[in-house]
Amino acid sequence: MNFTRFKNRIFILIFMAILVFPWIAGGTVHIFSKSTYEKLSVVETEKRKLSKIEWTNLLNTGESISNYVDDRIPFRYTFISWYNKLDGAIESKYQLVESAIGAKLYKPDEKPAAPKKEVADVKEEVVEEPVEEVSPYEQFFPLNVNNDVIIARDGWLFLYGENEIECYQGSNVLSQEEMQAWVDKINNLQSICDAKGKELYIYIAPNKSSVYYKYMPTVDIVNSWRRIQQLYEYVNTNCATPFIYPLEEELVATGRYQVYYKYDSHWNHTGALFGVNALYDKMGVPYQDPSVYIVGPTMAERYDLYSYMGVPDSAITYDDAEMLIDYKPDIVVDGLNIQAKINRTTSNGQIDKKLCFLGDSYREAMMPYIAKDFTHCSFIHRDYMNSAKDDIKNADIIVIEAVERFDYEALSSVQKVINTLSE
C-alpha cells in the first residue's frame, strides 16, 4: 500500500468518525439524561418548529431531508455556539490587525506644492483647509458576538445567526439559476391565481441590520449589492407578481421615527405600519401617513435579544421606546390574536374581501392594521399552512411574507400554495 492511499483512508476514517460521533454520543446522553441532551442540542434562539420531511415533494428536491437532519443533529446548539464564538473571536482580532496594518501602510497622497507667486510687499494669507469630520458610525467598531447576538454601537443589539450576518455582508447571493427558480415558481403560482381570480403578492420584510446599518460593527462587506436586492430586481423584471421589499420606505421613516426595536430583531408598530403602507401601495389601497395615527411615545415591548444572551430581567436596561399608534379607532375587529399561529378576523373595514396572509413573526405587528382594513382576514404562520388550506382556497388576496434572512421560506410557501390550489 502506497503512502497516498494510506493517507486518504486515514482521512476518510477521520471524516466518518466526525460524522458518526455526535449521533453516538448524543444517543448516549439522551438515554441517561434527556434534559441535558435538549439543553445542548436545541437552538432556542430560532423560535421555530423543526423542519419536517416533505414526502410529497421528494421527487423534486431532497432539501427537506437535509433540513430534517440538520435540525436534529445532536449537540446542534453547542456546535453553533462554539462556531459563533470562535468565528467572532477570530473576526474581531482580524479587524484589529487589519486596522493596525492599514494604519502603518496607508499614506495619504502628497499634493504637489503650489508655485510661489512673487508679489512685492504683500503678505500671503494662510488659509487653513477644513478638516473633514468622520461620523462616529463610520469609525472602526469591533465585532462582538454573544450567543448569536451582536453587541453593536450605542448598545444596539442585532442577530448574528439565522443568516442575518451573511445577508448583511453580502456573502450569500443567489446564482442566476437560483433566482430563475424563484421566477418559475412565482409565475406558476400567478397563473393559478389568475385562473381562480385571486390576487398574489410576495413580501420580504427588511432585516434590522439592513435598515439600521449605521449601528452595525465593522465587518468586511463581500458584496454591497446584496442577495435580496439582486432577487428583488430579477423577480420584478421577470414576473408580473408584485414583489415587495420596503427597504426604502423604512430608511426614509428612520429620519422621523424609530422603526425597529433596539433590543429585538423585529420592527416595531411604527415600522410595521410603514411596511403595511408599502403593501397597500402595490395593492392600490388608499392609505395615510402613519403620523396621523400616532398618539405619543410609550415604552417598547420587546427585548428578545437580551433573552437570547441569557440576560436576566433584573439586569435588562429598559430604555427603548416606540410610538403608540391608534389606527382607525372607529373600526371594530373581532377575533384578533397576534400570538395565534392561525388567526381569523372579521371587521367592518372598507375592503370587503377575504385576505389570507402567510408569513412569519414579522406579520404580528402588521395584523392590527390589515385586520381593520379588510372585512375577512386569515393570518397564518407558514408552519401551519397545512391546517389552513380552506383559508388559502377561499381567499381573494394571498400575501406570502418572510423576513429577509429567511427569504427562502417565502419560496417554500409559494410551492405549498401551488400544491394547495392544485388539489
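The residues of the stretch 244-257 that are open to solvent by less than 60 Å² (accessible area, probe 1.4 Å) and either part of a loop (DSSP other than H, G, I, E, B) or touching a Leu at 6+ places or on another chain (Cβ under 8 Å) (or both), listed by number, are 244, 245, 246, 254, 257.
Scanning the stretch 244-290 for residues that are free of Cβ contacts under 8 Å to residues at least 40 places away in the same chain and among the basic types (Lys, Arg) turns up just one, 256.
Table: residues versus (1) under 15 Å from residue 256 (Cα atoms); (2) outside any helix (DSSP H, G or I); (3) under 26 Å from the mean Cα position of the chain (by Cα).
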{"site": "280", "(1), (2), (3)": "no, no, yes"}
{"site": "292", "(1), (2), (3)": "yes, no, no"}
{"site": "298", "(1), (2), (3)": "no, yes, yes"}
{"site": "310", "(1), (2), (3)": "no, yes, yes"}
{"site": "319", "(1), (2), (3)": "no, yes, yes"}
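A single member of 351, 325, 331 is touching a strand residue (DSSP E or B) at 6+ places or on another chain (Cβ under 7 Å), under 27 Å from residue 190 (Cβ atoms), at pLDDT 95 or above and not hydroxyl-bearing (Ser, Thr, Tyr), and it is 351.
I'd like the residue in the stretch 199-238 that is among the β-branched types (Val, Ile, Thr) and either over 23 Å from residue 276 (Cα atoms) or free of Cβ contacts under 8 Å to residues at least 40 places away in the same chain (or both) and, out of all such residues, is least open to solvent (accessible area, probe 1.4 Å). Selected residue: 219. The residue of the stretch 1-10 that is most open to solvent (accessible area, probe 1.4 Å), among those that are modelled with pLDDT under 75 and assigned to a helix (DSSP H, G or I), is 3. Going through (1) assigned to a loop (DSSP other than H, G, I, E, B); (2) within 29 Å of residue 180 (Cα to Cα); (3) open to solvent by 10 Å² or more (accessible area, probe 1.4 Å) one by one, residue 241 falls short only on (3). Going by the conditions given, is residue 154 touching a residue at least 60 places away in the same chain (Cβ under 8 Å) and open to solvent by 60 Å² or more (accessible area, probe 1.4 Å)? For residue 154, the condition - touching a residue at least 60 places away in the same chain (Cβ under 8 Å) and open to solvent by 60 Å² or more (accessible area, probe 1.4 Å) - is met.
Could you tell me whether any residue of the stretch 378-390 is open to solvent by 10 Å² or more (accessible area, probe 1.4 Å) and either touching a Pro at 6+ places or on another chain (Cβ under 7 Å) or closer than 22 Å to residue 285 by Cβ (or both)? Scanning the stretch 378-390 turns up at least one residue that is open to solvent by 10 Å² or more (accessible area, probe 1.4 Å) and either touching a Pro at 6+ places or on another chain (Cβ under 7 Å) or closer than 22 Å to residue 285 by Cβ (or both). If the condition is being in a strand (DSSP E or B), more than 25 Å from the chain's Cα centre (by Cα) and not charged (D, E, K, R), then the stretch 339-362 contributes 345, 346, 347, 351. The residues in the stretch 284-314 that are open to solvent by less than 30 Å² (accessible area, probe 1.4 Å) and closer than 16 Å to residue 373 by Cβ can be counted, and the count is 3. Apart from one condition, residue 270 fits all of (1) hydroxyl-bearing (Ser, Thr, Tyr); (2) in a helix (DSSP H, G or I); (3) under 25 Å from residue 350 (Cβ atoms); (4) open to solvent by 20 Å² or more (accessible area, probe 1.4 Å); the exception is (4). Residues in the stretch 321-338 that are open to solvent by 60 Å² or more (accessible area, probe 1.4 Å), assigned to a strand (DSSP E or B) and over 17 Å from residue 259 (Cβ atoms): 334 alone. Yes or no: residue 262 open to solvent by 10 Å² or more (accessible area, probe 1.4 Å) and closer than 25 Å to residue 182 by Cβ? Considered against the rule, which asks whether it is open to solvent by 10 Å² or more (accessible area, probe 1.4 Å) and closer than 25 Å to residue 182 by Cβ, residue 262 comes out as no.
The values are calculated or read from the model by the stated rules, or taken from the named source; none is laboratory data. Predicted model only: the values in this text are computed from it and were never measured. Because the Cβ atoms are built from the backbone with ideal geometry, glycine has one as well, and the counts that use them run over all protein chains shown. Ligands, DNA and RNA are excluded from the accessible area calculation, which covers all protein heavy atoms including side chains. Shrake-Rupley method; radii C 1.70, N 1.55, O 1.52, S 1.80 Å.
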